[in-house]
1. Take the residues in the range 213-228 that are assigned to a loop (DSSP other than H, G, I, E, B) and touching a strand residue (DSSP E or B) at 6+ places or on another chain (Cβ under 8 Å), then tell me which one is nearest to D245 (Cα to Cα).
2. Kindly indicate which of V189, V201 is in contact with a strand residue (DSSP E or B) (Cβ under 6 Å, 6 or more places away or on another chain) and modelled with pLDDT of 90 or more.
3. Would you mention how many residues in the range 218-229 are closer than 21 Å to P154 by Cβ and open to solvent by 20 Å² or more (accessible area, probe 1.4 Å)?
4. Which residue pairs have Cβ atoms under 8 Å apart, sit 6 or more places apart or on different chains, and have a first residue in the range 150-165 that is under 14 Å from V29 (Cβ atoms) and a second that is open to solvent by 50 Å² or more (accessible area, probe 1.4 Å)?
5. Do the conditions hold for I142, that is, is it in a strand (DSSP E or B) and at pLDDT 90 or above?
6. Inside the range 115-134, can you point out the residues that are in contact with a Gly (Cβ under 7 Å, 6 or more places away or on another chain) and open to solvent by 40 Å² or more (accessible area, probe 1.4 Å)?
7. How many residues does the range 87-114 contain that are touching a residue at least 12 places away in the same chain (Cβ under 8 Å), open to solvent by 30 Å² or more (accessible area, probe 1.4 Å) and at negative phi?
8. Does the range 67-76 contain any residue that is in a helix (DSSP H, G or I), open to solvent by less than 20 Å² (accessible area, probe 1.4 Å) and touching a residue at least 24 places away in the same chain (Cβ under 8 Å)?
Amino acid sequence: MPIDLVSRKEWGARKARGSYTALSSTKGVKVHYTGGRVDPAIVDDHDKCTGVVRSIQKQHMDGNGWMDIGYSMVACPHRKVFVGRGPGHLPAANGPGLNSGHYAVLGLVGSSGLVTPPDGMLHAILDAIDHLRDKGGAGKEIKGHRDGYATSCPGDKLYAWVKKGAPRPGSGGEPDPPDEKAPPWQGRVLKYPPIMRGDDVRTWQARMRARGWSLDVDGAYGPRSREVCESFQREKDLSATGAVDKATWVAAWEKPIT
């Protein structure tokens, strides 16, 4: 199926402030989510998708002070791909120093509301990636925004799909692992600094990695473990202390992946 592009003119994009920095090749693409609430009604109304894309451009230009929307392309549930900065142009959404390495593709899911990407959106993300490879020299990598940058983006659901190799829907990708009962909490709060070590740290790290977070399972609770913990706590409406207390430990197994 050919890509179903929504041009900047069609979605009512504002003109960029200035000229883009050229980008002729990359390692690949990083996948993003909005980080906020996405109205589930967009699944049944493509016009609402257009409104969301315009609001993101407004936030990026007027809130962040960027020259344009930060994403290269935006994928919606209707298997349509909005042209953002487009191929051949440096994105702004991957983080300082990381934009030249990967293009940025946004899937219109968020941290609440619509959190599970429909099949049409997954197809659209892959259509966008194919387009960026064909027209923009994108490399083979497909990574999440959180790979190499401290963020919960692109959310657990979308990142779990990325970690499975970003399979086309219907191609035999494995389902998300079921929620489990938490193993007994060992009675100590895991926190940094200083670095804490132990089997309980390793168990928690392994569980967070299974949920889709980028985290080494090394049994050492250091800066990256704290970053993941804080992001997870914010996502689950827990107190964002960066320390694994009993509530955070239990949530790592018993809260749904969202």
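The values are calculated or read from the model by the stated rules, or taken from the named source; none is laboratory data. As the structure is a prediction and not an experimental result, all values here were calculated from the model. Reconstructed Cβ throughout: ideal geometry from the backbone, glycine too, with neighbour counts over all protein chains shown. Note: areas computed on protein heavy atoms with side chains; ligands, DNA, RNA excluded. Shrake-Rupley method; radii C 1.70, N 1.55, O 1.52, S 1.80 Å.
1. Applying the first criterion (assigned to a loop (DSSP other than H, G, I, E, B)) to the range 213-228 yields 213-219, 222.
Keeping just the survivors that are touching a strand residue (DSSP E or B) at 6+ places or on another chain (Cβ under 8 Å) gives 214, 219.
Details: S214: 20, G219: 16 Å.
Looking at the filtered set, the residue picked out is G219.
2. Values: V189 fails: in contact with a strand residue (DSSP E or B) (Cβ under 6 Å, 6 or more places away or on another chain).
The conditions single out V201.
3. Filtering the range 218-229 for residues closer than 21 Å to P154 by Cβ gives 224-229.
If we keep only those that are open to solvent by 20 Å² or more (accessible area, probe 1.4 Å) too, we end up with 224, 226-227.
Looking only at that region, the number is 3.
4. The qualifying pairs are V162/K143.
5. Values: in a strand (DSSP E or B): yes; at pLDDT 90 or above: yes.
Here the answer is yes, as I142 does meet what is asked.
6. So the first thing to find is which residues in the range 115-134 are in contact with a Gly (Cβ under 7 Å, 6 or more places away or on another chain), and the list is 115, 117, 121, 125.
Of everything in the range 115-134, nothing turns out to be in contact with a Gly (Cβ under 7 Å, 6 or more places away or on another chain) and open to solvent by 40 Å² or more (accessible area, probe 1.4 Å).
7. Going through the range 87-114 one residue at a time, the tally reaches 7.
8. Going residue by residue through the range 67-76, those that are in a helix (DSSP H, G or I) are none.
Checking the range 67-76: not a single residue is in a helix (DSSP H, G or I), open to solvent by less than 20 Å² (accessible area, probe 1.4 Å) and touching a residue at least 24 places away in the same chain (Cβ under 8 Å).
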